[in-house]
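Worksheet for the structure shown next.
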Amino acid sequence: MFKSKTKTCQNCKIKFTIKPEDFEFYKKIGVPAPTFCPDCRMQRRFTFRSERTLYKRKIEKSNNKVFSCINPNSPFKVYDSNYWWSDEMDAMEYGKNYNFNKPFFEQLKELMYKVGIPHITVKDVINSPYTNNASNIKNCYLVFNAGQSEKCSYSVNILYSKDCYDNSDLAKCELCYDGFMLAGCYKTHFSSNCADCQEVLFSSNCINCQNCFGCINLRHKKYNIFNKSYSKQEYFKKLKEFDLGSYKNILSLNKKAKEFWLKYPVKFIHGRKNNNVTGEDIYNSKNVINSYSIKSGEDLKYCQLILFWPSGSCCDMSVAGGEFCYEIEESGGYKINFCWLNMPKDPKNHEAGFYEMEYSIGNIDSHHLFACVGLRHKQYCILNKQYTKKEYEEMIPKIKQHMNDMPYTDKKGRVYKYGEFFPSELSPFGYNETIANEYFPLTKEQAIEQGYNWYDKPKSEYKPTIKAKDLPDHIKDVNNSILKEVIQCDSKDCAGSSVFRIIPQELKFYKKMNIPLPRLCPDCRHRERIKQRNPLKLWKRQCMNKGCNNTFETTYSPDREEIVYCEKCYNKEVG
């Protein structure tokens, strides 16, 4: 019988506890206990996830320049994604014998540099060149981490959506704008955490509502403004008076709505149809502990961004999916450990095509691989060299022992034996290019001091022709000449260094929806939206409903302004 054990994280030096059920999981999949705490393990995986950064650069075997997520200064060879993921790619030619006189990660790094990586990670993408981490999308522009979507732009984490602009975390939505965590919504603008809503504006935590404005916590309502019921005629008269085509009016109404929301309670977790879960943004899940942004998960712990793939019996998994997986990022399947960037065989139908793999990168439809890069339809390979089943099974225990006897030590002195995910210094990305910097923000100096890569963003080659503050206030006063302008971002964070343009389909959308032109560049608009995210951290708190003694773990910190209720009190209040 296992007992809880307290360890000191070799990265941040704080103490963390490994519980008996954790040890049982590690034993079941045959790995040692971690030496990094859960937060540092998550941060390390996130350093291998570039999402919204694109560079214009040259690639191997081509004289043309492409838009790539790989910085031109990265030491990796970069190939066209279509070539990389095709069967034409034959990385077996780089196969090498395992060297028991050199640390494992030194050998893997050499192989990574020889084989290279794809310029972006996409599959079955049509007319969507400015995207990354996407599959089965069509006519999309600057969308990231997207699937089964069409005619969407400036969005992250979207699935089964159409004609949506400037959104984060959408599922099955259409004609939505500036939304955050929306599901099954239609013409829902400037809203967050809403589901199955139609023509809802400036609203939060509403379900199955129609024609509501500035509302919060409503269920099955129509024609409400700031939670007050109106007749249909009165509602549309008031809506016309708001004059939503004006940018100044939008700013004023957005501020008023958010101040109004603070008068009403929020549930301690964003989630529905769950049983025994802790974390944030969890839906249709069971026994999911200390995890974030999970859809259809069961028996998961320390997992994040499992949005597109039902998963179970996994720990420490990010942007992935599978069963009995551990410490993986952008990978998945059955019994997959310490892997990154393995493309599923059929993501649309949740067919991974992988099982029994460790420390492998950029493979397709393979099994029983150890430390392999870029293989297609292979099995029983080590460092891209073919072995028989018997040879493979004899070699693997020896390699794992060698990883412990001669561990890799990174430039900050962190020791990597068997059981650790890839060192962050092996990532092809700068810390500032990854989602690690969104969830664990660091300055350039802090990142370098902590041993992470950093690549400065090049200055824009475009000069502004108009400042955002000089744009027409009302969309009715905008004509097609705006399509020729290069607009200087109005954000102080940009300090005038970022510019952006309005594309034709975008202008058509604004005109149709009566939405004023944005004043911020896409990057700044994204940063403003994700301020609505709660941190990936839990606090123990008591329900704030008078007379209730229920306690819970929540991502709402004690210093927040929101009134936080337990689920029972929230449901009683909201109905």
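The values are calculated or read from the model by the stated rules, or taken from the named source; none is laboratory data. The structure presented is a predicted model; accordingly, all values stated were derived computationally and were not measured. In this analysis, Cβ positions are derived from the backbone assuming ideal geometry, glycine residues included, and neighbour counts consider all displayed protein chains.
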>> Just to be sure I understand the filter: pairs with C-beta atoms under 6 Å, separated by 6 or more residues or on different chains, first member in the range 201-224 and touching a residue at least 24 places away in the same chain (Cβ under 8 Å), second member part of a loop (DSSP other than H, G, I, E, B) and of a type in the set (Ser, Thr, Tyr). Which pairs pass?
In response: Ser203/Ser191; Ile216/Tyr264; Asn217/Tyr264
>> Can you tell me which condition Asp365 does not meet? The list is (1) in the same structural domain as Val78 (by TED's automatic domain parsing); (2) buried (at least 23 other Cβ atoms within 10 Å of the Cβ); (3) not aromatic (Phe, Trp, Tyr), and all the others hold.
In response: (2)
> Could you list, in sequence order, the residues of the range 511-532 that are free of Cβ contacts under 8 Å to residues at least 40 places away in the same chain and either surrounded by fewer than 20 Cβ atoms within 10 Å (Cβ to Cβ) or touching an Asp or Glu at 6+ places or on another chain (Cβ under 7 Å) (or both)?
Replying inline: Lys511, Lys512, Cys524, Arg527, Glu528, Lys531
>> Within the range 267-337, considering only strands (runs of 3 or more DSSP E) that don't extend past its boundaries, which have at least 2 residues that are under 23 Å from Lys27 (Cβ atoms) and modelled with pLDDT of 95 or more?
In response: 286-295, 297-301, 311-318, 326-329, 332-337
>> Which residue is surrounded by the fewest Cβ atoms within 10 Å (Cβ to Cβ), if the candidates are limited to the range 221-266 and must be assigned to a helix (DSSP H, G or I) and touching an Asp or Glu at 6+ places or on another chain (Cβ under 7 Å)?
In response: Lys248
> Residues in the range 406-420: is at least one of a type in the set (Gly, Ala, Ser) and in contact (Cβ under 8 Å) with a residue 60 or more places away in the chain?
Replying inline: yes
>> Against the conditions (1) part of a loop (DSSP other than H, G, I, E, B); (2) of a type outside the set (Lys, Arg); (3) at pLDDT 95 or above, where does Asp22 fall short? Just the number, please.
In response: (1)
>> Suppose we filter Phe48, Phe105 for residues that are in a helix (DSSP H, G or I) and closer than 17 Å to Ile361 by Cα; which single one remains?
In response: Phe105
>> Regarding the range 406-424, can at least one residue be identified that is assigned to a helix (DSSP H, G or I) and either at pLDDT below 95 or under 25 Å from the mean Cα position of the chain (by Cα) (or both)?
In response: yes
> Within the range 475-495, which residues are buried (at least 17 other Cβ atoms within 10 Å of the Cβ) and in contact (Cβ under 8 Å) with a residue 40 or more places away in the chain?
Replying inline: Ile475
